[in-house]
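No value in this document is a laboratory result; all are computed from the given coordinates. Every value quoted in this text rests on a predicted model; they were computed, and no experiment measured them. Here the Cβ positions follow ideal geometry from the backbone for every residue, glycine too, while neighbour counts run over all protein chains shown.
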Amino acid sequence: MTLPASTQWLLMEGGPGDDRAPHVARIESAGRRLPPSRLTTTELMASTRHHTKIDLERLTGIHERRVSAGDEDSFTLATGAALDCLSRSAYQASELDAVISCSISKYRDGLVQWLEPPMSMAVAQAIGAANAMTFDLSNACAGMLTGVSVLNNWIRLGLIRRGMVVSGEYISQLGRNAAEHVRNILSRELASLTLGDAGAALIVERSPDGVPGISVTGFTTIAEHSRLCLAYPAAHEAGARMFTRSRTIQQMAIKDLPTLLREVLDANGIGIADIDHVITHQTSARAIRKGMAHVSEELGDEPRHPAVVTVDHYGNTASTTHTVALIEELEAGHVRAGDRVALVALASGLVIGIVLFTVHEGLVKTYGHND
Amino acid sequence: MGTTIEGVTAVAGGWPSRHSALRLAVAAGRSALASSGHTPHEIELLINAGLYRDRNLEEPALAPLIQEDLGLNPEDPHPGGRGTLSFDVANGACGALTALQVADGFLRAGTVTHALVVTSDADPGHGMAPGFPFAPAGGALVCRFTDDEQGLGSFRWVNEPDGGEGFRSTLKLVGHRNILAIEYQDVFAARAGGVAAKAAQEVLAEHQLLADGVELVVASPARPEFVGSLATGLGLPAERIVTAGPELHTVAFIAALKEVIRTGALAATRTVLFVAAGAGITAGAALYRPPH
C-alpha cells in the first residue's frame with residue numbers, strides 16, 4: 001500500500017489560534033423536513049414509458065424515496081426544515097445574523113422556479129428572521145456544505161455570531177420526467193430516477209472559548225470535469241431534466257477523494273481511524289461502499305464506524321443529503337457527544353468538499369439522547 | 001488591512017456571445033486577469049454572481065464551467081499545485097456585492113490570496129425568455145488582500161420584504177414550454193433606493209462617518225428613480241452617485257465601478273461607498289478605501 005501523495009489542493013480553513021480568525025464555529029442545531037409520501041423504486045420503474053429492463057434497486061440499493069404529493073415544493077420543504085431546526089435551537093429566528101439558501105431547485109407555488117427574489121429572503125421572512133442578511137448560494141449537491149464553510153469563515157472572523165444554511169429540494173419531478181425518456185441502462189437520465197425530496201437546515205454558531213466545533217472545512221472544484229452532470233428546465237415538461245455521465249463522475253470522485261481526505265486529516269494531525277462517522281453524498285449504496293473501501297485501501301485504515309447509508313430509503317436528496325443523514329444518525333443515537341464527524345460533499349462541478357467537526361452535547365440532546 | 005480590487009472589467013455581448021452568459025463571463029474574467037497582471041493559476045476562489053445563463057442551466061453552478069474555460073487550476077489534485085473553489089451566489093442585482101463580501105471573508109482569514117468575482121447575464125435565446133429586458137454583458141474583478149489601511153470595510157444589509165411584488169423573475173411552463181419571465185413595477189426602483197439608503201446609513205454609522213463626507217457613491221441599478229431616492233435618503237447631491245448601464249442587471253455594479261476608474265473619480269477620492277439593491281427588496285452597502 002502507498003499513501004496518496006501529499007497535496008495542498010483544497011481551499012481549507014480551520015483551527016483556532018489564528019489572529020485573523022480567532023474564533024471557532026460549531027453546528028448548534030439541525031432540522032429536516034421529509035414529505036410523508038413514499039415512492040418505491042418498483043413503483044417508479046413500473047411508471048417508465050419504455051420497457052427498460054433496469055433493476056434500479058439492485059444497481060443503487062435504493063428501495064424507496066420520499067416525494068412531494070404536489071403539496072410541498074422547495075420553499076415549503078426549506079421552511080419546514082428551518083422551523084424544525086429552530087425548534088431544536090437555543091435561538092429565536094430574530095437572533096439569526098444570516099440566512100443562506102443553498103438549494104439547486106427553487107420551486108415555489110408548485111413547479112415555478114423563482115430566480116428573483118432569492119429563496120433565502122422568502123425563507124427568512126417565513127420563519128421570522130427579520131434581522132438576517134440573506135442570499136442564495138449555488139454549488140450543486142455541495143451547496144449546503146459550501147454555505148457552512150461561508151458561515152464558518154464569517155463566525156471565525158467574528159463578523160457574525162450565528163447563521164442558518166437551509167435548503168429545500170423538490171427534485172422528484174426530475175425522476176418523473178426521466179421516466180418518460182429512459183430506455184435502457186445507458187441512459188444519461190438514469191441518475192434522475194434516484195432522486196428524492198427533502199428539506200434541511202443547520203444553525204452554525206460561535207463556539208464557547210475552548211470548546212471544539214468545526215475543525216476544518218476544505219473544498220475544491222475539479223473543473224475539468226464540470227460538464228459531467230448538467231440539469232436544465234425541461235423543454236416541454238414542467239420542472240427540469242438532468243443528464244449525467246454517472247460512471248465517469250463516480251470514477252473521478254472516488255479517484256480524487258483519498259488524496260483530498262488525507263489533506264484534511266494531515267491538517268488536523270489525525271488519521272482516518274480517528275474519524276467516528278463519515279457521511280458522504282448519497283447517490284447509491286454501492287457507490288458509497290465502493291468509495292469508502294477505496295479510501296480505506298488508500299489511507300491504510302478505516303473510520304470507526306461504517307459509512308452512513310440513508311440513500312436506501314430517502315434516495316439522493318441533493319444538497320440536503322448530509323443533513324438528512326446526520327439527523328438520521330442523531331435520532332438513532334449512533335452519534336454521540338464528542339464524536340468526530342466528516343461530512344463529505346461529492347457534487348457536480350466536480351466539487352469535493354469536507355467539513356470535519358466535533359459533535360457537541362447540545363446537538364445530541366435535541367434528538368433525545370444524553371451523550 | 002483590507003481587500004483591494006483590481007482589473008475591473010465590463011464587456012458587452014456581441015456575436016457570437018450575445019446568447020451566452022458563459023462566454024461573456026469568461027471574456028470578462030480573462031480581461032480582468034490580463035489587466036490586473038495575475039495568472040489563472042493564482043486564483044484560488046471564483047465566485048459567479050450572474051443569473052441569466054445559457055439554456056437557463058440549473059446544475060452545476062455556472063462557476064465551474066467558467067473556471068474550466070478560464071483554466072483556473074481545473075485539473076485533478078496533484079502535489080506542487082493549488083486548487084480553485086468555484087460556486088455561484090444569487091442575490092438579484094446585488095449579487096456582485098454579495099460575491100465581494102464572501103470573497104472578502106476568505107481573503108481576510110488568509111484562506112485564499114486571490115479571488116475572482118465574475119458576473120454575466122444574457123438572453124438564453126431559442127425563445128426561452130421572450131421580452132428579456134437586459135443587455136448581454138459580463139463583468140469581472142480580481143480581489144486580493146493587502147496589509148495597508150486600504151480596502152473594503154464592513155458590509156451592511158437591509159431587507160424590506162415585498163414578496164416579489166416589485167421585481168420577480170420566474171421560470172415556468174407556459175403552454176408547452178418553460179419560459180423565463182421577468183416582471184417589475186415602475187415604483188420598484190424608487191423603493192429600492194430608499195432601502196439602499198438605509199443600508200448605506202448603517203455602514204456610515206458603523207464607520208462613524210457622516211453622509212456629507214462621502215465624496216463618491218458607486219451604485220446599482222442605474223435607474224434615475226433609484227438614484228434620486230438614494231440621494232434623498234442619504235442627503236447627498238445625486239451627482240455624487242455614479243451608476244452605469246441602465247440596460248444591465250447583475251453586471252451594472254461592476255460597470256459603475258469601471259466607470260469611476262475610467263473617469264479618474266475613484267483615484268481622486270479616499271473613501272467610496274458601494275451600494276446595491278435588488279429584488280426582495282434587499283439592499284447592501286460597504287465602504288471602500290481605494291489603494292493609491
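Is there a residue in the range B:246-255 that is surrounded by fewer than 21 Cβ atoms within 10 Å (Cβ to Cβ) and either among the hydrophobic types (A, V, I, L, M, F, W, C) or in contact with a strand residue (DSSP E or B) (Cβ under 7 Å, 6 or more places away or on another chain) (or both)?
From the range B:246-255, those surrounded by fewer than 21 Cβ atoms within 10 Å (Cβ to Cβ) are B:246-247; that's our starting set.
Still in the running and either among the hydrophobic types (A, V, I, L, M, F, W, C) or in contact with a strand residue (DSSP E or B) (Cβ under 7 Å, 6 or more places away or on another chain) (or both): none.
Scanning the range B:246-255, I find no residue that is surrounded by fewer than 21 Cβ atoms within 10 Å (Cβ to Cβ) and either among the hydrophobic types (A, V, I, L, M, F, W, C) or in contact with a strand residue (DSSP E or B) (Cβ under 7 Å, 6 or more places away or on another chain) (or both), so the answer is no.
Can you tell me which residue is farthest from the chain's Cα centre (by Cα) among those in the range A:293-310 that are part of a loop (DSSP other than H, G, I, E, B) and surrounded by fewer than 16 Cβ atoms within 10 Å (Cβ to Cβ)? Let's see the steps before the verdict.
Here is the first cut: in the range A:293-310, the residues part of a loop (DSSP other than H, G, I, E, B) are A:300-310.
Still in the list and also surrounded by fewer than 16 Cβ atoms within 10 Å (Cβ to Cβ): A:300-301, A:304-306.
On the way: A:GLY300: 26, A:ASP301: 25, A:ARG304: 21, A:HIS305: 19, A:PRO306: 18 Å.
Only one residue fits best here, namely A:GLY300.
How many residues does the range B:136-148 hold that are touching a strand residue (DSSP E or B) at 6+ places or on another chain (Cβ under 7 Å) and either surrounded by fewer than 22 Cβ atoms within 10 Å (Cβ to Cβ) or without any contact (Cβ under 8 Å) to a residue 60 or more places away in the chain (or both)?
Within the range B:136-148, residues that are touching a strand residue (DSSP E or B) at 6+ places or on another chain (Cβ under 7 Å) and either surrounded by fewer than 22 Cβ atoms within 10 Å (Cβ to Cβ) or without any contact (Cβ under 8 Å) to a residue 60 or more places away in the chain (or both) number 2.
Would you point out which residue out of B:ALA140, B:ALA135 is more than 8 Å from chain A (Cβ to nearest Cβ), of a type outside the set (Phe, Trp, Tyr), out of contact with any helix residue (DSSP H, G or I) (no Cβ under 6 Å at 6 or more places or on another chain) and within 25 Å of B:HIS249 (Cα to Cα)? Write out each step before concluding.
On the way: B:ALA140 fails: out of contact with any helix residue (DSSP H, G or I) (no Cβ under 6 Å at 6 or more places or on another chain).
B:ALA135 is the lone residue from the list that is more than 8 Å from chain A (Cβ to nearest Cβ), of a type outside the set (Phe, Trp, Tyr), out of contact with any helix residue (DSSP H, G or I) (no Cβ under 6 Å at 6 or more places or on another chain) and within 25 Å of B:HIS249 (Cα to Cα).
B:GLY80 is checked against (1) in contact (Cβ under 8 Å) with a residue 40 or more places away in the chain; (2) under 28 Å from A:LEU261 (Cα atoms); (3) more than 8 Å from chain A (Cβ to nearest Cβ) and fails just one. What number does that condition carry?
The number of the failed condition is (1).
Sort out for me the strands (runs of 3 or more DSSP E) sitting completely within the range A:211-273 that have 3 or more residues that are in contact with a Phe, Trp or Tyr (Cβ under 7 Å, 6 or more places away or on another chain) and in contact (Cβ under 8 Å) with a residue 60 or more places away in the chain. Walk me through how you get there before you give the answer.
Details: elements: A:214-221, A:229-233, A:240-244.
Passing ranges, in order: A:214-221.
Just checking, does the range B:166-180 include any residue being charged (D, E, K, R) and more than 9 Å from chain A (Cβ to nearest Cβ)?
no
Search the range A:316-342 for residues being touching a Leu at 6+ places or on another chain (Cβ under 6 Å) and part of a strand (DSSP E or B), and hand back the single one that is farthest from A:THR41 (Cα to Cα).
Only one residue fits best here, namely A:ALA342.
Considering only the range B:151-165, state which residues are outside any strand (DSSP E or B), within 9 Å of another protein chain (Cβ to nearest Cβ) and touching a helix residue (DSSP H, G or I) at 6+ places or on another chain (Cβ under 6 Å). Break it down into steps so the answer makes sense when it comes.
Going residue by residue through the range B:151-165, those that are outside any strand (DSSP E or B) are B:160-165.
With the extra rule that they be within 9 Å of another protein chain (Cβ to nearest Cβ), the set shrinks to B:161-164.
Hit for the range B:151-165 is B:PRO161, nothing else.
Taking the range A:195-238 on its own, how many of its residues are surrounded by fewer than 24 Cβ atoms within 10 Å (Cβ to Cβ), within 14 Å of chain B (Cβ to nearest Cβ) and over 21 Å from the mean Cα position of the chain (by Cα)?
Final tally of qualifying residues: 6.
Considering only residues that are without any contact (Cβ under 8 Å) to a residue 40 or more places away in the chain and closer than 16 Å to B:HIS126 by Cα, which ones fall in the range B:165-180?
B:LYS172, B:LEU173, B:VAL174, B:GLY175, B:HIS176
Looking at the range B:35-75, which of the residues that are over 30 Å from A:PRO233 (Cα atoms) and assigned to a loop (DSSP other than H, G, I, E, B) is farthest from the other protein chains (Cβ to nearest Cβ)? Walk me through it before giving the result.
Looking only at the range B:35-75, we keep the residues that are over 30 Å from A:PRO233 (Cα atoms), and these are B:35-44.
Keeping just the survivors that are assigned to a loop (DSSP other than H, G, I, E, B) gives B:37-39, B:43-44.
Working: B:GLY37: 22, B:HIS38: 17, B:THR39: 16, B:ILE43: 11, B:GLU44: 6 Å.
Filtering first and then ranking leaves B:GLY37.
What tally of residues in the range B:4-26 results from selecting those that are more than 13 Å from chain A (Cβ to nearest Cβ), under 16 Å from the mean Cα position of the chain (by Cα) and more than 20 Å from B:GLY92 (Cβ to Cβ)?
8
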